[in-house]
1. Of all residues being part of a helix (DSSP H, G or I) and more than 10 Å from chain D (Cβ to nearest Cβ) in segment C:156-178, which is modelled with the highest pLDDT? Just the residue, please.
2. Name every residue in segment B:379-402 that is closer than 19 Å to residue B:183 by Cα and part of a loop (DSSP other than H, G, I, E, B), in order of residue number.
3. Does segment B:193-213 hold any residues that are of a type outside the set (D, E, K, R), surrounded by fewer than 21 Cβ atoms within 10 Å (Cβ to Cβ) and not in a strand (DSSP E or B), and which are they?
4. Looking at (1) within 26 Å of residue A:247 (Cα to Cα); (2) in contact (Cβ under 8 Å) with a residue 40 or more places away in the chain; (3) not hydrophobic (A, V, I, L, M, F, W, C), can you tell me which one residue A:201 breaks?
5. For residue B:12, state whether it is assigned by TED's automatic domain parsing to the domain that holds residue B:123, under 30 Å from residue E:23 (Cβ atoms) and surrounded by fewer than 24 Cβ atoms within 10 Å (Cβ to Cβ).
6. Evaluate segment D:92-102: report whether one residue or more is farther than 28 Å from residue D:192 by Cα and touching a residue at least 24 places away in the same chain (Cβ under 8 Å).
7. Just for segment A:220-229: of the residues that are touching a residue at least 60 places away in the same chain (Cβ under 8 Å) and more than 10 Å from chain E (Cβ to nearest Cβ), which one is nearest to the chain's Cα centre (by Cα)?
8. Suppose we keep only residues that are away from every other protein chain (no Cβ under 14 Å) and assigned to a helix (DSSP H, G or I) within segment D:234-255. Which one would you say is farthest from residue D:14 (Cα to Cα)?
Amino acid sequence: MNELQQTAKDLLEKNAVAVVIGYGMGSEPSLRRAVFVRKPDQAPQLIFDESCRQNLAFYVLKPEVKALGKAAVVARTPTLRTLLQLATENQITDESVVALPVGNGSVQPLTNFAAIEQYLANVPRGFTAQEQQELAAIKSKTLADRWAFWKSELSRCIKCYACRAACPMCYCSKCIVEVNQPQWVPVPSDMLGNLEWNVIRAMHLAGRCISCGSCADACPAHIRIDLLNQLLATEAMQQFGAEPGLSVRKDYALATFKPTDKEEFIR
Amino acid sequence: MPRIGVFICHCGENISGTVDCAEVAKVSAEFPGVVHSVDYKYMCSDPGQNLIKNAIQEKKLTGVVVAACSPRMHEPTFRRACAEGGLNPFLCEMANLREHCSWVHEKLPATTEKAIDLVRIMVEKVKRNRPLFSINVPVTKTALVLGGGIAGIQAALDIANAGHKVIMVERQASIGGHMAQLSETFPTLDCSQCILTPRMVEVAQHPNITLYTYAELEKLDGFIGNFRAVIRKKAKSIDEKLCTGCGVCFQKCPNKKILSEFNTHLGTRTAIYVPFPQAVPNKPVIDREHCMYFQKGKCRICEKFCPTKAIRFDQQDELIEVNVGAVVAATGYEVKDTDFFPEYGYGKYPDIITGLQFERLASASGPTGGVIKRPSDGRIPETIAFIACAGSRDPAKGISYCSKICCMYTAKHAMLYKHKVHQGKAYVFYMDIRAGGKMYEEFVRRTIEEDEVHYVRGRVSRIYDRDGKLVVRGVDTLLNAKPIEIEADMVVLATAMVAQPDAEELAQKMKVSYDENKFLSEAHPKLRPVEMNTAGIFVAGACQAPKDIPETVAQASAAASKVAGLFSKDELSREPVVAVVSRTGPPEFSNCVGCFLCESACPYQAIEHEEIKTRDGKLIKTVAKINQGVCQGCGTCVALCRTKSIDLQGFTNEQIFAELVSL
Amino acid sequence: MTASSHPKSTAHDLPSQVKQNTGESVFNCYQCGKCTAGCPLAAEMDYSPNQIVRMLQLGIPELEEEALKTFTIWLCLTCETCSARCPQEVDLAAIMEYLRQESLRRGLVHPKAKDILAFHQAFLDSIRKNGRLHEVGLVAAYKMKTLHLLQDVLVAPKLLFRGKLKLFPHSIAGKKAVQKIFKRTIQEEEKEDHS
Amino acid sequence: MKIGFYPGCSLLGSSREYNESLKAIAPAMGLEFAEVPDWNCCGATAAHSLDHQLAFALPARILALAEKAGMEELLVPCSACFSRLAATRYELQKNADLRKEIIDIIEMPYQGTVKVSNALEVLCRAAAANLNGKITKPFAHKVACYYGCYLTRPTELATCKRTEDPQEMDELMKVVGAEPIDWAFKVECCGAGLSVSRTDLVAGLSGKIIKDAVHRGAEAIVVACPMCHTNLDLRRDAIEAQSHERYSIPVLYLSQVIGLALGIDPRTLGLHRHHVPVRFPDAAPNASADSKKPELQLSGKDD
Amino acid sequence: MAEFEPKVVAFVCNWCTYAGADLTGTSRMKYATNVRMIRLPCTGRIDFMLLLQAFGHGADGIIVSGCHPGDCHYSAGNFHARRRWMLFRELLDFAGIDLRRVHFSWVSAAEGAKWAELVNDVVNQVRALGPYDEFPKRLNRQSLEQLCSVEVGR
């Protein structure tokens, strides 16, 4: 039994948690799925490898999961950041979730937010060179080409909202697309609706998105919606120093300001 | 179905000169929902207003659009007319055909087209207006004044004299603040205590003022008209009812070597003490940190000698809860100490003192009886240097602002020194002289011309000791920037005026904003100089920014008049343009997910947490709630709310959406 | 108003050059004189340090050039007392450094500063040659440059006796590398200036 | 502790006793020096008076060499060299464009990983860890600790906390039994770079420093910088000529003082190389009975 | 052929820009008729989605204007708005929406002339760009009115 499985087993045996949310084998060898381990002897179901990409944090907000009792979550770095960001947004309370950090050596359970903050302080952050390059590639296109690119990307959107379902920060009980007084977003999945939906989603995540990439992974049409989020995350970082999910401090970039914020675009 | 009435005003020729008003009325009549559309020469005239009132009744209108001038001009007029006609005033909107159309465009078809559009936009909006009602908030007519310096004293007396109750909280054992420490005041040189102490006594005796000294604000909740404050009354260790202030206790107290705060550490006091002879209340407190009984368990001499048996060693801090309708923050300032200056010796030279210390030396009631003596050896300084801008205007030391009073008090100090030590030499090192004020410039000139104080323009780079003298290395930038070295016996630093060390904590307690220097921020730098952006909290004196006594008193009176204005009615009536959080049925109860990201965006701290519970008290969820007494209706939270569960009355999402649709 | 209403100065005036090369703005100086008050050599200077800054604050080209011609900039010891105590956080030592370099580039070095300059140049020559400083060589070269042949003759024997002077220079293996550095920095600029 | 070592040019010549004394006390202090291979001169005042890039390129090469040699920390005893190296590291860290330029010039990889330390901080650290119980001959004299410019300025690189009245060397001197005096010229400039070209000015500045130290009863001046030493020691004749005063107060490197307290032979510490003889009057109020006056009466001027 | 006349929607705050535009009127300064103003209490109230709605409803250009920094009637609404706009502009630009159609400005209650200048300038720019046909449009006004009237029936 590996360290992850052992740790999960210990937690369950000691009744420190009621369920361990982790990754298990999917229906095909290359696929992974979320598993909910509730008995110590099921711990060997837990695996962790490169293919385990889903951000499991959003399960902790589900009423069904909450009903099971205290949960431990197998957490990659984005998952840890998600937990802290959820904490700043009053969605989870301290010591209500145990994080099992994976991908950086030892699996030492992090039982409170302070421990997660400390753990994250030593983890490198920022976008990879490849990610930055992808962004730069689109930025370097002409305006018309950018419009054409997104037009063609978004033309595939079927408004299935899988992105929303996969996103741990999309926890609103009634999403803006469901608000109909007024009807902010047109219902049909036409160009206008698709554009508005994706712009709104990006703006709603600006300064909050912890860049886990789950939305793009979930998109059945393989639209690179994560790039919209990456753009705003980069801007929020550069302009406002926003790095969501690194602490439980309430520092949402769009709910604060500096008198010296850049404004050369305003005349 | 909506029944909208449209009323087009010609404004004489002002609108009809370029806009075809009859055409606008004709087209408007065809808009869905419009049941009445007329044009008239002067809509704001009595006959014009009657047109509206009559139409409301005759046509059973559910909404009115007056297409006339700017709503900033006549919206109140027409809303009142609607109300008189029996329609909720908030069901009336104005289309601005004059300032935004007829006056800014030529007589062209496009101008009339625009006018029609403007009417259509407002028709679409008004269809979605809902009746709104003024928000009435009861007012508790008691003011809480924080701080018993001259600012607090002035504010408290003015409010009390207007007939309202005042609770004054002062942290020290006596009121009086820094002004009680000053020797004489510029530019008149009247004795500070002589003008202040009668006011202090008035506070103590005023039937409308309750005074808590040796007390601090512990907590402040609530909103304008309805604050609830918790005051911590620190244990004075005496029974104030029994104590007569006879003074036997501090004559007998064996611990006589405690540095006196009132005398800026240049004199001493006992462990049981009154800060100064004219203290109000003139009853002692025991400083437990220095009391032998509290520290070592033995002594109790004061208790033995107290003729009224008023000593209470077992007294505890007391928490008092009070309801107040307004708060005046008048918590004052501190000055930087000499240890703030590395280049002036980190405070290690006893003969380098602060301006406030000089005040005590110059004061007839001070530790030297008004004789200027060196703290180190008691000699009278033959050469004295005053250094202005010590710490002020010094971004490198983190203080970029001008402390405003130093130029004047430095001139006063130099003058007082020359009056007391006739043969002495006085130098003032300065950068600029800022003497804007009645008789201020004249005062400075007198210091230079009549008292022959030497003003040297240049900053002092360093001070060090040499054979019992202080070598002051400065420069005269007016003399070809020549380095100047003065051997002084004493140096007085006009150290920067700074916020109280706990100003930030206090601001957070009151939920008011403060600037980078921890001075409390007024609501508007020009037009609301004594209000804070939390309604019902006012500011006076140097806790807001450095200022001198006349300015402080003026601001305190201004704050008091604001409080008196607020207390002039039993209820506070407010425009209902405020944000609201929508509620829905179970199981969600509200679309608000309780992320509270709006909380920090609100400039007024109007967003509260509301717990939704089941009948048996189980928490279902926590959602945002707008305190309508505090909300000013800017709508920043509305734009930020992802689920659109906050909306702004009068400018709802539906209304604005409809305006856009009608384009 | 926004930035657009304040067109950035694009001129090649000296304050802009100073800003570009040192990041220091002469306009931050409010002429309090504290730099001069603390400067160990202010009394020896033809213009005091704050006056040097003043000369750059007025937008008068003649005065800017005058600043480059002063003896002051060469007397500056780079002790940084001015920078450390400046209330406006102007790094005057860095500005002085830049003015020296610019003065040299424009050939405006004060005549009385020739000795100081000669010493600096002899110093760099010595490093260029050997990679390290050779003190005897330095002093000898300096004397040749300035013809101050007798200065310090009383000190040299003392040093020799105490084993402090090495008659032959240390030479390092990376001598070539150091020479290359010189070629790419100071010599390249000299060439540019001459062309 | 193994630590990188950059002696700099003057430690091989005019201030070789600083080098010798540092090496002499190293074992007792638990220090082991590894010299930067094939180091070059840092360029000193001359480089940054004349050329901006050169002023960074020369120190950058040294730092790059130290990096290549796998050093984590580099001891730079000469305060002037320290200042250049530390400033270079700081600027290159702050300014990515400059870093690129300089890397192109020196044609060596440069990361900026080597911490640059001066003798005062390294010796303070080593003394706290290693000196306990090793002081056999306390240096029982009143000393004026002279910090000069580079240990306290610029503020962002300052080794000392109270930059206008530093205490670190004073504390270190107390450890070796000396009595540091409170005086006014701890951080005044000695004239440094103008030593050769304007000896007259240097004599004036250094003279003021010596005067205050002597006036306040110091028996020795302790320094941590070869330039300060040169100006206060070697230029003593010029100082005396200009001030018309005679000063016998010796100037010691802090490593020499520590060495004496450790009982190391004065010659090993290079005390004989000073211009002003290291001698203390019998009447020195603090000299204890068993003080090593005979040993300290070393040849000086009349050698 | 008649020249294309753009439709420009202006979102303005009540206290500065709306008042500034009033001053343009009282000063009788002239500007293009193409602009339609939506009055809001504060720029802080301006949801970025309203801008998209404006384009969706046929606007060819947009002006957003409020109080200068430090002048906000609500002390900080414009500062919050400014941050939002910064990100929103980046996003629009990234998505290929021409920023020459979206203009942000501070117009104070005293800047009547600035308002006229701003409107003319924006109208001219947008006129040169032509109609914003690329941007997908909502259903036409009539059909929407029918939809809306259902809920307006109270």
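1. C:176
2. B:380, B:381
3. B:194, B:195, B:197, B:198, B:201, B:204, B:205, B:206, B:207, B:208, listed by residue number.
4. All conditions pass for residue A:201, except number (2).
5. yes
6. yes
7. Filtering first and then ranking leaves A:225.
8. My answer is D:243.
The values are calculated or read from the model by the stated rules, or taken from the named source; none is laboratory data. Computed from a predicted model, the values in this text were never measured in an experiment. Note that each Cβ is placed from the backbone with ideal geometry, even for glycine, and that neighbours are counted across all protein chains shown.
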